[in-house]
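Structure record follows, encoded as structure tokens.
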Amino acid sequence: MYTFSSKLKTFSVILMAIGLLGIGYGFWTAPKDIHEVENILASEETHGTHAEVKHEVSDTAGESHAVAENHSEVKDASKHNEHLTHVLHQLQNKPWAALYVACIFFMLVTMGVLAFYAIQQVASAGWSPVLFRVMQGITAYLPWGSVIFFIILVLCGLHFNHIFIWLDPEVVAHDKLIAGKAGYLNFPFWIVRAGIFLIGWNVYRYYSAKNCLAQDESKDDSFYKKNFNISAGFLVFFIVTESIMSWDWILSIDPHWFSTLFGWYVFASFFVSGITTICMVTLYLKSKGYLEHVNTSHIHDLAKFMFGFSVFWTYLWFSQFMLVWYANIPEEITYFITRIELYNLPFFGAVVMNFLFPILILINTDFKRISWILVMAGIVILAGHYIDFFNMIMPGTVGDRWFIGVSEIASVLFFLGLFIYTVFTALSKVPLLPKRNPFIEESKHFHY
């Protein structure tokens with residue numbers, strides 16, 4: 001049995017405490033009204049304004065007159081207030097969006113692990129049963145992540161933030177495109193769908209883990225067969241709900257944009273992150289003397305999946321980007337122009353972290369068996385896919401008002417701490433080896 005060390009437990013609690021303080025600070029420092037926004041914008045433009053004034057003194061009378069007209073246009077009260085309100089919503093969205101990105105990322109990483117576990121069950125895989133309890137331990141985070149995420153969605157519907165602009169009746173009334181989607185994008189239907197998805201995923205997680213434990217005490221393979229059947233049903237449910245989830249929770253943040261590849265793209269991102277997490281937790285447990293039956297061949301297979309799905313993610317990234325860029329349709333290309341102009345570093349940085357780095361490191365067969373290399377690659381992949389979710393969500397919520405600050409770092413720390421605490425607590429409650437799995441002996445002696 002694994003023992004959750006007091007040092008790791010304390011570390012996770014400290015992460016959560018620091019995270020909560022930082023999240024609170026982010027909300028506390030967000031501007032409360034347009035007067036605060038006006039002061040923020042004035043302080044940002046002070047240097048440029050002084051230079052402009054100095055230059056304008058030496059201008060001709062005609063040029064001064066043009067500048068005066070411009071000045072009076074900018075001072076138009078309605079336009080000015082409209083701009084300030086827009087910026088206010090962006091700055092108020094920032095702590096909410098940071099919380100949302102971290103929350104959905106950690107929850108979907110867990111979903112990636114759950115989907116990978118279900119695939120292993122349905123495939124009757126012989127190599128992976130020694131890793132099943134690691135996967136089940138990681139998915140123990142799902143109920144916690146689901147509850148927090150659902151609360152955030154409800155708060156969005158109650159207008160505590162402006163993450164989803166289609167939830168604002170005034171926006172819908174003046175936007176024909178969003179109004180045309182009102183039959184699908186409306187709060188009651190949206191939140192009911194979210195509830196169905198989250199409950200369905202958690203029900204499978206609960207019963208699959210319960211059956212796996214019951215199989216240890218069983219005298220036949222009945223619980224293994226039950227898991228096979230419910231895993232097959234879950235995968236059908238998952239592949240449908242995953243696509244709809246990606247539209248509901250991420251794509252609808254930019255309700256004017258369309259992409260038929262988006263569901264697959266989001267899946268590739270959190271699926272490779274989930275496999276990477278399995279590898280990282282396994283390596284940690286191995287370093288502490290547990291999982292004696294997990295050998296370098298198991299680690300090598302996990303690394304192959306990390307490599308393969310990094311390439312798959314890149315294929316989908318390029319397919320989506322290339323087709324939209326080449327077609328150059330205004331309604332579609334705006335999505336990428338915004339990210340290239342305003343999010344240049346994280347947009348292209350994610351490609352380097354999620355494709356170039358993994359392919360250069362993990363293409364080598366020998367490297368797939370070396371722990372420190374896999375830990376380094378895993379950290380880069382997980383950070384890269386967090387940035388990928390950041391790129392998908394932030395432009396539609398905060399526009400050009402983004403930066404990695406207290407809110408973003410604190411949100412990641414809080415959910416990381418919660419993840420560590422729930423996962424390793426779950427691992428400490430059950431044996432790390434599923435003894436009565438029909439393929440356990442094959443898994444113990446797996447060599448590649």
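Diagonalise the Cα gyration tensor of the range 176-263 and give the resulting equivalent ellipsoid semi-axes, square root of 5 times each eigenvalue, largest first, whole Å.
Semi-axes from the Cα gyration tensor: 37, 12, 8 Å.
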Write down the radius of gyration of the chain and its Dmax, each obtained from C-alpha positions, in Å. 24.9, 97
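Between their Cα atoms, which of 288/435; 7/429; 7/368 are more than 26 Å away from each other? Before the final figure, lay out each step's value.
Numbers: 288/435 21 Å; 7/429 18 Å; 7/368 29 Å.
Long pairs (Cα-Cα over 26 Å): 7/368.
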Using only protein heavy atoms and a 1.4 Å probe, report how much of residue 436 is accessible, in Å² to the nearest 10. 70 Å²
Could you sort the peptides 108-114, 33-39, 93-99 by per-residue average Cβ neighbour count (10 Å cutoff), highest mean leading? 108-114, 93-99, 33-39
If I require 15 Å or longer along the helix axis, counting alpha carbons, and a Kyte-Doolittle average no lower than 1.0, what helices from the chain are left? Use full DSSP H segments. 6-29, 142-157, 262-287, 371-398, 406-427
Could you look at the chain and say what percent of its accessible area is carbon and sulfur, using a 1.4 Å probe and all protein chains? 68 percent
Heads up, I need the accessible area for residue 421: 1.4 angstrom probe, whole protein in place, Å², nearest 10. 80 Å²
Which values of log₁₀ I(q)/I(0), to two decimal places, follow from the Debye formula for the range 228-317 at q = 0.15, 0.16, 0.18, 0.24 Å⁻¹ with a uniform point scatterer at every Cα? -0.74, -0.81, -0.92, -1.14
Choice from 264, 317, 372 showing the highest fluctuation, given a GNM over the chain with Cα pairs closer than 10 Å: 372
The range 197-249 to the range 92-161: how many Å between their Cα centroids? 14 Å
Could you state the accessible area per residue of the chain in Å², with a 1.4 Å probe and every protein chain left in place? 47 Å²
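The values are calculated or read from the model by the stated rules, or taken from the named source; none is laboratory data. Everything numeric in this text was worked out from a predicted model, so none of it was measured. All Cβ positions, glycine included, derive from the backbone under ideal geometry; neighbour counts span all protein chains shown. Only protein heavy atoms, including side chains, enter the accessible area calculation; ligands, DNA and RNA are left aside. Shrake-Rupley method; radii C 1.70, N 1.55, O 1.52, S 1.80 Å.
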